[in-house]
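Worksheet: the structure to be examined is printed underneath.
Rule-based calculations on the coordinates, nothing more; no lab input. None of these values were measured; they are calculated from a predicted model. All Cβ positions, glycine included, derive from the backbone under ideal geometry; neighbour counts span all protein chains shown.
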Amino acid sequence: MKRTIPLLITALGGIVLIIASFIPFTLDWGEKASIWFDILAGVAFILGGGNLLKVHLRKVSDKQAGFGYSIVTLVAFIVMLYVGLVKWDVPPMEAHPNSSWSGEYRSVDSPFGWLYEYAFKPLTATMFALLAFYVASAAFRAFRAKNIEAILLLGTAFIILLGRTFAGVWMTDWIDPDGPISGLRIENMTVTIMSVFNTAGMRAIMIGIALGIVSTSLKVILGVDRSYLGSKE
Amino acid sequence: MFEFFKTLDRRWIFLLMLLSVAVPILLQTTFPEKASAMAQAVFDEIDKLPEGSKILLPFDFDPASEGELGPMATAFTYHCAMKKHKMYFMALWPVGPQMIDEAINKVIRPDFPELRYGVDYVNLGFKPGNEGVIRVVVTDLKELYTTDDAGTNINNIPMMQGVDSVRDCDLVINVSAGYPGNKEWVQYASTAYPGEIILVGGCTGVQAPQMYPYIPNQMKGILGAIKGAAEYEKLVMDHYPRHITNAEGDQALDPKYTEALRRMGPQLIAHLLMIVLIIGGNIIFFVERHRGMQA
């Protein structure tokens, strides 16, 4: 029973969504299933939060390696959750001065807005920006013209790197933009690579992925693949 | 010398990257930009619509990618406001509302104070459910969005009258940093309702190659990363320039609308550094291989 009901729900949801895509009369069914999905996605936030607490509390309790990071995660999670949920110190809306919860909680005047602006925003931006340093280091150590494929990749990378900046325009500025060899201007080569070679390759990959998704989805809907239930089958 | 480069400490590379990005930022270096056909296609789709057209703007990105996508979000908002289009903001990312706030506070409130909330623009806020949200709003927007971001009943918002689904909008402009984003809007909106939902967008550089196969049928155009944003900014500023008086007392383009153009400076130097590093790494590789063969 513990597994039969989830299997039935999965099969029913999948079949309804497939039917709704092909039969206009059943369009509403698909819409209803999508709304249920959206509601469940909202509930998933609670489950996600619960799971985060469980995993990190266990790490702290067992004093596993790096448990200090878990403490930071837990403190950050609880503080953000608290100030967001209770709208702590949110200035009331002008129209409702007596309702302390009615104001704009994302404003930097509120603790939630302040934490977002001065902690969350710079931290996430920093993490993403760090990629530039690691990519540069990796480019120096790993990008080697070892064979024909690597040389082709390297050449394409150079054209794209130059073509996405003014350097590409400047380097091939001597080629007449309306002349017979205008396609050799680096910015034009970039466009050709992106819209011809890249598009052809991406389409092939996407068609392959789509066929794989159809096959996997059918397995899930028909109950052949039960790995999402935590089964070892 | 060879040994130094062969065993180069990666902190030297980090320092070079820091300098190559920091120096052009500090010097405010800019380079001329020419709009590509792709940026032109995006611009034309917005520009050709008559005044008062309904534009849905899903901002599906976060502060991590704001450096790359923020300038185009600003430019899209400015272009729509200049054209007096009705703007419907929404988000599929939890911090999307903050990105919407940024655009509203940066563009609409200071430069278009005549635009009224609920009449000319509305913030519908964030809804969880990823592509599930798109599936619903393309058929019945009010089924999911019963209120706007501030909690106002959707039926009490004047500009929501006559907007029952995304199909009632004249254009969707999606700015996306990943999942859910451009791809999901293509799969569940513009592909499902061809001709009814017209989609253009902007995305990060990593996503752009994945979106090209959808152009021009399922997507009319896309701005790829800061380069796409800079080209689009150029088009917008050429057609709808906004000047301010700078510190020297001269008239200059408002810097907040040329942010992407300024970011092309660091991008140029950083890209050149990458090329130099790759070439340098390969020289070391080939010299080592040659020595190995001789030994």
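Look at the stretch A:127-133: the mean tally of other chain Cβ atoms within 10 Å of its residues' Cβ atoms is 5. Taking square-rooted eigenvalues a ≥ b ≥ c of the alpha carbon gyration tensor, is region A:88-233 rounded, prolate or oblate, where a/c under 1.5 means rounded and, failing that, a/b exceeding b/c means prolate? Because a/c hits 1.5 or more and a/b fails to exceed b/c, region A:88-233 counts as oblate. Using C-alpha pairs under 8 Å with a sequence gap of at least 6, the mean separation divided by the residue count of chain B gives a relative contact order of 24 percent. Reported to the nearest whole Å, the Cα centre-to-centre distance from region A:130-149 to region B:67-117 is 37. Taking a straight Cα-Cα cut-off under 15 Å and skipping sequence neighbours fewer than 8 places away in the same chain, the aspartates and glutamates within cross-link reach of A:Lys146 are B:Glu288. Amide H contacts of B:Thr147: B:Ile154, each under 5 Å away and 5 or more positions distant or on a separate chain (H built 1.01 Å from N in the peptide plane; Pro and chain starts excluded). Computed about the Cα centre, the dipole magnitude for the protein assembly as shown is approximately 2120 debye when only Lys and Arg (+1) and Asp and Glu (-1) carry charge, each at its Cβ. Near B:Lys86, the amide H atoms lying under 5 Å from its own belong to B:Gly52, B:Ser53, B:Lys54, B:Ile55; only residues 5 or more places off or on other chains count, and H is placed 1.01 Å from N. How much net charge surrounds A:Phe67 when only other residues with a Cβ under 15 Å from its Cβ are counted (Lys, Arg +1; Asp, Glu -1)? Result for the local shell: +3. In terms of its Cα atoms, the protein assembly as shown spans 74, 67, 50 Å along the principal axes, sorted from long to short. My understanding is that a pair violates if its Cα-Cα distance is over 28 Å; which of B:Lys34/B:Lys84; B:Lys83/B:Lys256; A:Lys121/B:Lys127; B:Lys106/B:Lys234; B:Lys142/B:Lys256; B:Lys48/B:Lys127 do that in this structure? B:Lys142/B:Lys256; B:Lys48/B:Lys127, as the Cα separations exceed 28 Å there. Of the trypsin sites (Lys or Arg not before Pro) found in region B:23-61, those in coil by DSSP whose Cβ has at most 14 other Cβ atoms within 10 Å are B:Lys34, B:Lys48.
With the highest mean first, a sort of the peptides B:233-241, B:145-153 on other beta-carbon atoms found within 10 angstrom per residue produces B:233-241, B:145-153. Among the lysines, select those whose C-alpha is under 27 Å from the C-alpha of A:Lys63, and discard any that sit fewer than 8 residues away in the same chain. Partners within reach: A:Lys54. For region B:219-225, 3J(HN,Hα) computed residue by residue from phi via the Karplus equation (6.51, -1.76, 1.60; θ = phi - 60°) reads 9, 7, x, 9, 9, x, 6 Hz, glycine and proline entered as x. Within a straight-line Cα-Cα reach of under 12 Å, A:Lys87 can be paired with the following aspartates and glutamates, leaving aside sequence neighbours fewer than 8 residues apart in one chain: A:Glu104, A:Asp109.
Treating only the Cβ atoms of Lys and Arg (+1) and Asp and Glu (-1) as charged, compute the dipole magnitude of chain A about its Cα centre; round to the nearest 20 debye.
With only Lys, Arg, Asp and Glu charged at Cβ, the dipole is about 1260 debye.
3J(HN,Hα) along region A:158-168, derived from phi through the Karplus expression 6.51 cos²θ - 1.76 cosθ + 1.60 where θ = phi - 60°, amounts to 4, 4, 5, 4, 6, x, 8, 9, 5, 4, x Hz, with x in place of Gly and Pro.
With θ taken as phi - 60° and the Karplus curve 6.51 cos²θ - 1.76 cosθ + 1.60 applied, the whole-hertz 3J(HN,Hα) list for region A:194-207 is 5, 8, 10, 5, 5, 5, 4, x, 5, 4, 4, 5, 5, 5 Hz, x standing for glycine and proline.
Counting only trypsin sites (Lys or Arg not before Pro) that DSSP places in a loop and that have at most 15 other Cβ atoms within 10 Å, the longest clean stretch of chain A runs over A:147-231.
For a test of the definition: using alpha carbon positions, the gyration tensor, and the 1.5 limit on a/c, classify region A:1-66 as rounded, prolate or oblate. Since a/c reaches 1.5 and a/b is larger than b/c, the shape of region A:1-66 is classed as prolate. Determine the shape class of chain B: with a ≥ b ≥ c the square roots of the Cα gyration tensor eigenvalues, call it rounded for a/c under 1.5, and otherwise prolate if a/b is greater than b/c, oblate otherwise. Prolate is the answer for chain B, as a/c is 1.5 or above and a/b outweighs b/c. The calculated FRET efficiency for A:Thr4 paired with A:Asp173, based on their beta-carbon distance and R0 = 45 Å, is about 0.05.
For B:Gly129, the shell of other residues with beta-carbons less than 10 Å away shows a net charge of 0, using +1 for Lys and Arg and -1 for Asp and Glu. Quick one: among B:Pro71, B:Pro255, B:Pro180, which has the greatest mean-square fluctuation in a GNM of chain B with alpha-carbon springs under 10 angstrom? Result for chain B, Cα springs under 10 Å: B:Pro255 fluctuates most. Working from label points 7 Å from Cα in the Cα-to-Cβ sense, the A:Met127 to A:Trp29 distance is 4.2 nm.
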